[in-house]
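Comments concern the structure below.
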2 protein chains.
Amino acid sequence: MSLKYLSQKVAQTIDEELMSAAGGFSVDQLMELAGLSVAEAVQKTYDNKKYPRVLVCVGPGNNGGDGLVAARHLFHFGFRPSLFYPKQPNKDLYKRLLTQCQQLQLPVHQDNWSTHVEQADVLIDSVFGFSFQGEVRDPFKEVIQSFKTTSKPIVAVDIPSGWDVEQGPTEQVDYQPSVLVSLTAPKQCAAHFKGSHHFLGGRFVPPALAQKFGFDVPAFKGAEQTVELPRSSSL
Amino acid sequence: MSLKYLSQKVAQTIDEELMSAAGGFSVDQLMELAGLSVAEAVQKTYDNKKYPRVLVCVGPGNNGGDGLVAARHLFHFGFRPSLFYPKQPNKDLYKRLLTQCQQLQLPVHQDNWSTHVEQADVLIDSVFGFSFQGEVRDPFKEVIQSFKTTSKPIVAVDIPSGWDVEQGPTEQVDYQPSVLVSLTAPKQCAAHFKGSHHFLGGRFVPPALAQKFGFDVPAFKGAEQTVELPRSSSL
């Protein structure tokens, strides 16, 4: 199978089309399905008895929103998720997603990152997504630096945070996640992923849209929301 | 396992609490997860090669919305769904859900119900849900009457349409679906269900909410969004 990897611009355009009047999706819906995919990828990879403590590092944008949704589903899947959520935007959607996690009594941390990492079995990197550009700043600089040095497995949501969406690892950020969950379609940087499992999530792409942008949607099984991509699928 | 079956009033209160400021859910989110559950229940029960043509009968309220979401997921699960949607409300959410189906080029019908039934392998009854009260009127009267006489298997979303939410079959409507997908928790009328498969869908209930209303959430497997309930779980 040969997959086309998307540029930053095409990824943004596809997102906009899905949420346009012609596409009909709300951000609530897409985020729900994206976050559910991430949780399913974690569930497929890590046993909830051996790796119960999932620390979700939540950024201030849509990638963070996916992480909040994933945390909620992981709770229902029998994991014990907690959130590291230092910058909480004052936006209705994110506030509601946080409320949903608080209803499950998930611990929410805003500092002491390194302490929480020590107590986790798996980390989820939902800090920055395909819209991120520029330099990583604190409080996330410390977090992303620790991704390079920690021995804990890391699941990256769509993009390893701080990577260049197209070029992959940068001088500032070159950590490798264990698991990458590409959403909608892999971005070009996924060709530089060297971890053990690459999943595609987000089973909602209309064939006409995929055709328009010239990418293939691989076959998912049954009612699953993720499909594991062959490790050979590189550029 | 002993499941508590909900009254109409308690079911409504739980829905309101989930979507309150304290619960944090949007109707988009809950409908997405409910519709996904319905699609998964269909996928678990019917082979998409033997039963590809799923006719979703869509009512004018939230039950119909669940059906629209289910139709979209069923397409992605390899079925060939079509919609019978005679009364299309002018409400943003339903219009967007319909747009999403149209993006998949699903056929949308507004009349000639009986012709479409003949060409279907499975019917989904997403006409009325737990808020329905009173008498069934056309265009849905003909539809629901045909549920009684058709030989096609029927999957009912939450409530067999026209049943009394608590008492079950009525003098006007006493059809039996083959599959019942209870959402959040079974309603009292589910005790009168005599079909072959009873699923629970909607894997989003916070334990504190279930405790408050005195019902149990059974164990789901893996990342699944439905669990089959034992046929012995009756009042």
From the option list A:Val181, A:Val227, single residue qualifying as touching a Phe, Trp or Tyr at 6+ places or on another chain (Cβ under 6 Å), in contact (Cβ under 8 Å) with a residue 24 or more places away in the chain and closer than 22 Å to A:Lys148 by Cα is A:Val181
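Report, by residue number, each residue of segment A:30-44 that is out of contact with any His (no Cβ under 7 Å at 6 or more places or on another chain) and free of Cβ contacts under 8 Å to residues at least 60 places away in the same chain.
Here is the first cut: in segment A:30-44, the residues out of contact with any His (no Cβ under 7 Å at 6 or more places or on another chain) are A:30-34, A:37-38, A:40-44.
A:Glu32, A:Gln43 - these are the residues of segment A:30-44 that are out of contact with any His (no Cβ under 7 Å at 6 or more places or on another chain) and free of Cβ contacts under 8 Å to residues at least 60 places away in the same chain.
Test of understanding: among A:Ser131, A:Ser114, A:Ser82, which residue is buried (at least 16 other Cβ atoms within 10 Å of the Cβ), in contact (Cβ under 8 Å) with a residue 12 or more places away in the chain, of a type in the set (Gly, Ala, Ser) and on the phi < 0 side of the Ramachandran plot? Reasoning before the result, please.
Details: A:Ser131 fails: buried (at least 16 other Cβ atoms within 10 Å of the Cβ); A:Ser114 fails: buried (at least 16 other Cβ atoms within 10 Å of the Cβ).
Of A:Ser131, A:Ser114, A:Ser82, the one residue that is buried (at least 16 other Cβ atoms within 10 Å of the Cβ), in contact (Cβ under 8 Å) with a residue 12 or more places away in the chain, of a type in the set (Gly, Ala, Ser) and on the phi < 0 side of the Ramachandran plot is A:Ser82.
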When every residue in segment A:162-186 that is within 13 Å of the chain's Cα centre (by Cα) and not in a loop (DSSP other than H, G, I, E, B) is compared, the one surrounded by the most Cβ atoms within 10 Å (Cβ to Cβ) is A:Val181
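Sort through A:Ala219, A:Ala208, A:Ala191 and tell me the only one that's small (Gly, Ala, Ser), outside any loop (DSSP other than H, G, I, E, B) and under 30 Å from B:Arg72 (Cα atoms). Lay out the reasoning, then the answer.
On the way: A:Ala219 fails: outside any loop (DSSP other than H, G, I, E, B); A:Ala191 fails: under 30 Å from B:Arg72 (Cα atoms).
Being small (Gly, Ala, Ser), outside any loop (DSSP other than H, G, I, E, B) and under 30 Å from B:Arg72 (Cα atoms) holds for just one of A:Ala219, A:Ala208, A:Ala191, which is A:Ala208.
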The residue from A:Glu17, A:Glu40 that alone is at pLDDT 95 or above, acidic (Asp, Glu) and open to solvent by less than 30 Å² (accessible area, probe 1.4 Å) is A:Glu40
Those residues of segment A:43-59 that are open to solvent by 10 Å² or more (accessible area, probe 1.4 Å) and not in a loop (DSSP other than H, G, I, E, B) come to a total of 3
Only one of A:Gln102, A:Gln133 is part of a helix (DSSP H, G or I) and either in contact with a strand residue (DSSP E or B) (Cβ under 8 Å, 6 or more places away or on another chain) or away from chain B (no Cβ under 14 Å) (or both), namely A:Gln102
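The values are calculated or read from the model by the stated rules, or taken from the named source; none is laboratory data. Everything numeric here is computed off the predicted structure, so don't read it as measured data. Counting neighbours? That spans all protein chains shown, and the Cβs are built from the backbone with ideal geometry, glycine included. For the accessible areas, the whole protein counts, side chains as well, though only heavy atoms, and no ligand, DNA or RNA atoms are used. Shrake-Rupley method; radii C 1.70, N 1.55, O 1.52, S 1.80 Å.
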